[in-house]
Every structure is written in structure tokens, then in C-alpha cells.
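Following: one structure in C-alpha cells, then a few remarks.
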Amino acid sequence: MSATDLSPAPAATAAPTGHAGRTAALISLLLASMMELIDTTIVNVALPTIERDLDASATQLQWVVAAYPLAFAVALITGSRLGDAFGRKRLFLIGLAAFTLTSAACGLATTADALVVFRALQGLGAAAMIPQVMANIQVLYPPEERGRAMGAFTGLAGLAVVVGPILGAVLTSADIAGSGWRPIFLVNVPVGLLAIVAAARFVPESRSDRRPDLALVSVLTLGAGLLAVLYPLTMGREQGWPLWVFVTMAIGVVVLARFAQSQHRHERRGGEPLVPVSLYRIRSFSAGSAVMLGLFVSMPAYFLAQTLYFQIGLGWSVLKSGLVGVPFAVVTSVCAGVGVTVLAQRIGRRVLQYGAVVLAAGVLLTGVVVHAATPETSWWWFIPAMVVTGAGFGLMVAPIGLFTVADVPVSHAGAASGLFNTTTQLSAAVGVAGLGTLFFTVAQRQGRVLPVDVFAPAYEVVLLAVAACMALAVLAAAALPHHAPGDAPVVH
């Protein structure tokens, strides 16, 4: 997901001329957004190939997935503020160029550690680029014409869910000139260059009338606290859980607690905090954030475990592993649209509760199939469970923002949007680190020879954890407004 600036954008200082110029500007913005959205899903299907090619450890694979959302989340709000201060077009171009260059670096990485570092840098590029997309759309289009452009932007999210795994599977299995997994990152280079040329020519410049606080100290403190928790959590299993792991995590918790206190104090004095903790006093926002936390802690780890189970446990090809997920993606897109446009208005918060129940049923059904599956089991046996899981995910992922910001004052809509999207990315990083560690710990303790006997129990444990998170999400959703607000800002 990407950050959405909900506060009105100021007028552009230089507007594109004519309909064609405005369309070209929109295309460049959508290309950048599409790259970022696909990049969050395309890497999963190639993980076993990366493991073999770079001799990556389980811990390094976790960081290949988690480094991107962690860096993205920590820098996201600052990226938005930099755009307000120094020009949204300028920051968009800087972020787009950085994202393109680091994509090339990821594709050319020769070690797993280098790939992890470049993935983190890629996340920083996305944090500079993505917050400018929605603000620039607001600059380009007057309110009466903005709906179609916003529809194209939100439609891309559903399309990326479908395209990412398929594109990753096709590019990896094609093994172009012996490049293996590398094209999943290198494909961003020509797309990024095209977007840079179009944006430089057609996107107008704009900035905020008020220079915002960049909060760099807060960003560094938040990043240090999160890293102090997530790094030892991810490394602990491989190191045998030595004392330094627990000491470092405890220090990280203390740093994060002090960070929250400083943000509250800064806000109480009338400042502009990086994380406006007062929003959590709003019942709908805190409850919606809890639902979102359960959802996004669960799903990235679910996809990670699923990929490893299919490709290593069952010995499926990259392409087969990617294509078996197509029903999930298609059903997710359909149910997301129905959930936010129809069910949220008719049954209110129950759409999230029903979605959580359906998702839990889907992962438990998956667990039943996994328990009985062998390498000879047809992929068709997994389709019903994936359809059910995809339906539940779709019913939750689109309406959740609508209810979370239901009672947020319009004056704080931008801050709520930034915090909403930051929490989404942080949840993904935490989920991959925590549930990923659980997966590899269970796999390591099996002591069996056949891959399916090693990875099936590990996958089953992750599925149970996802179902437990959905049970908590049902309880948290009970604190949300009964009905979907008709005039609340929507976070995409």
C-alpha cells in the first residue's frame, strides 16, 4: 500500500498544458505507483531461486522481504514533508530516480547481504516518491475531474496484486540469458526511466505554503528502536538465541516507549510530531489500526511461508507456484471492490468481521490440505482454500481505511493517512520478522529428510498464527463505528 495525502494540495506553480500533457503527467505518476505496488509482491515467488543463487540463509531471505517495508515505513512521513517543503515534483523525481537505481542494484547484487541493503535503499526511494503521487493528482485535476484519476490510482492496487506474483514467476522461470531472478528487479529500470522523462516534462511543481517540521531526529529514533527489536528477533534463531538478542530487544522496546512519550509531549506543546499519538485516543482510529495490524502482520508472512512450502516443500516450479496464486489475487480484487462499495454501506463494520472470519476459514482449510498433501498432490486441491482466503482478504483490505478514519477530524486527515500507511508497512516488516522466525524455527526442529515433512508443519503453524490474528481482528472491529461514514475521507 501507498501513502495517501488527504489534505488539499496547493495550486501548481507550473501546470501542464492541455489534456495530453496532463494525461502524460498522470501516466508517469501511475507508472511509479505501479512499480512500487508490484515490488511489494513480486519478490516472494523468487525467494527459493535467490536462496540457491546467492547461497542465502533463512535469515537473509526474511530480510530481503522485510528490509523494504521497514525502510519505507520509517521514512514515509518524512518523504511527504520533504515534498511539502522542497517541491513535490522535485521529491517525486528524486525518489523515482533512487528507486530505479536501487532496483538496478538489487538486480545486479552478488551477495545476499548486498541485496538486503539495496532493498532497504529501495524502500527509502519509495518513501520519497510515493507520497507525492496523490498530492500531484490533486494538483493536476480539479475536484470535479479528480474521481476518474483517483479511480485509476486505486484500481492499480488490485491489478498489482494480480500482476506481481505472475510477473515474478514468469520472469524468474524464463531465466533470460541465465539471469534467473534478477529481471524481477531489472524490469523496473526501463519503466522508471520512462516515468522520469514523462514526469520531468509534464508534472507541475507544487509545495506547501507552510514549511513543515522534517522531524529527522524522530525518524532516526524510530528507525533505531524498530531495528533494535526486529534485527535480534530475526537473527536470534540462527545465533541460538544468545543473551545479546534479548538485551537488544529490551533496549529497542525502551527506545520505542521513550519515542512515543516524546511524540506525545511534542504534540501537547503544539508541535507537529512525526507520529500524532493523540489520534489513538479516537476509538475508531485505534480499533481500525488494531484490525490493520492483525491483517498486515499476517499476510506478508503467509505469502513468504506459502512460497517456500510450494517451491521447496512440494518441489513445484517457480511458474507453477506463481500461477496457483492467481485465483487468490483475482478473488481479492473482486471482493475488495464489492466490500468497499456495497457491503461497507449495507452491513457496516460487519464486513470487516465477516472478512476476518472468511480469511481464517480459508487459512484453516489450507492447513487441512497442507497436512494431507504430498509432492504428487495436484495444485487444484489448493484452489478452493485460496479462493476463500482471497475473499476474506479482499473484504478486509479495501474497507478498513474507511472505518479507521471515520471519526478523524478533517484537519487531521493527512496525519491519519500518513500514520495509517506507516503502520501498514511496519506491520508487514514485523510480521515477516516474527512469523518468519516462527516458520524457520519449526522447520529447523523437524529433523526429517523429505522437504515436505520439514516445511509442511512450519507452514501449518504460520496458518494457525494467521487464524489467531483474524480472531483478534474480529474483536477489535467490534469497537469500530457500526455504519460506514458517508462523508469520511477514505485511505487507500
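The values are calculated or read from the model by the stated rules, or taken from the named source; none is laboratory data. Just so it is clear, the structure is predicted and the values come from calculations on it, not from any experiment. Cβ atoms come from the backbone with ideal geometry, glycine included; neighbour counts cover every protein chain shown.
Data for the structure
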item: Residue in segment 177-187 that is at pLDDT below 90 and assigned to a helix (DSSP H, G or I) present; result: yes
item: Qualifying residue in segment 27-44 (condition: buried (at least 23 other Cβ atoms within 10 Å of the Cβ) and free of Cβ contacts under 8 Å to residues at least 60 places away in the same chain); result: no
item: Some residue of segment 247-256 being at pLDDT 90 or above and either among the small types (G, A, S) or assigned by TED's automatic domain parsing to the domain that holds R88 (or both); result: yes
item: Out of S284, S333, S298, sole residue that is modelled with pLDDT under 90, among the polar types (S, T, N, Q) and within 20 Å of the chain's Cα centre (by Cα); result: S333
item: Any chance A56 is more than 30 Å from R207 (Cα to Cα) and not in a helix (DSSP H, G or I); result: yes
item: Checklist (1) surrounded by fewer than 22 Cβ atoms within 10 Å (Cβ to Cβ); (2) modelled with pLDDT of 80 or more applied to A9, failing item; result: (2)
item: For A114: the one exception among (1) of a type in the set (A, V, I, L, M); (2) over 21 Å from A25 (Cα atoms); (3) buried (at least 23 other Cβ atoms within 10 Å of the Cβ); result: (3)
item: Members of segment 84-104 found to be over 20 Å from A135 (Cα atoms) and either free of Cβ contacts under 8 Å to residues at least 12 places away in the same chain or among the aliphatic types (A, V, I, L, M) (or both), listed by number; result: L101, A104
item: Matching residues, segment 48-102, being on the phi > 0 side of the Ramachandran plot and touching a Ser or Thr at 6+ places or on another chain (Cβ under 8 Å); result: G87
item: Residue list for segment 188-223, restricted to those being over 28 Å from V430 (Cα atoms), aliphatic (A, V, I, L, M) and part of a loop (DSSP other than H, G, I, E, B); result: V203
item: Hits in segment 232-282 - residues which are within 18 Å of V430 (Cβ to Cβ) and among the acidic types (D, E); result: none
item: From the options L308, L293, L274, residue that is surrounded by 23 or more Cβ atoms within 10 Å (Cβ to Cβ), part of a helix (DSSP H, G or I) and in contact (Cβ under 8 Å) with a residue 12 or more places away in the chain; result: L308
item: Qualifying residue in segment 472-481 (condition: at pLDDT below 85 and either part of a helix (DSSP H, G or I) or surrounded by fewer than 24 Cβ atoms within 10 Å (Cβ to Cβ) (or both)); result: yes
item: Only listed residue being surrounded by fewer than 21 Cβ atoms within 10 Å (Cβ to Cβ) and of a type outside the set (S, T, Y), chosen from A75, A71, A85; result: A85
item: Meets criteria (modelled with pLDDT of 90 or more and either of a type in the set (A, V, I, L, M, F, W, C) or crowded, with 23+ Cβ neighbours inside 10 Å (or both)) for G322; result: no
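Yes/no matrix, rows are residues, columns are (1) part of a loop (DSSP other than H, G, I, E, B); (2) at pLDDT 95 or above; (3) touching a Ser or Thr at 6+ places or on another chain (Cβ under 7 Å); (4) of a type outside the set (K, R):
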| site | (1), (2), (3), (4) |
| --- | --- |
| V340 | no, no, no, yes |
| R346 | no, no, no, no |
| V358 | no, yes, no, yes |
| A361 | no, yes, no, yes |
| L364 | no, yes, no, yes |
| G367 | no, yes, no, yes |
| H371 | no, no, no, yes |
| T374 | yes, no, no, yes |
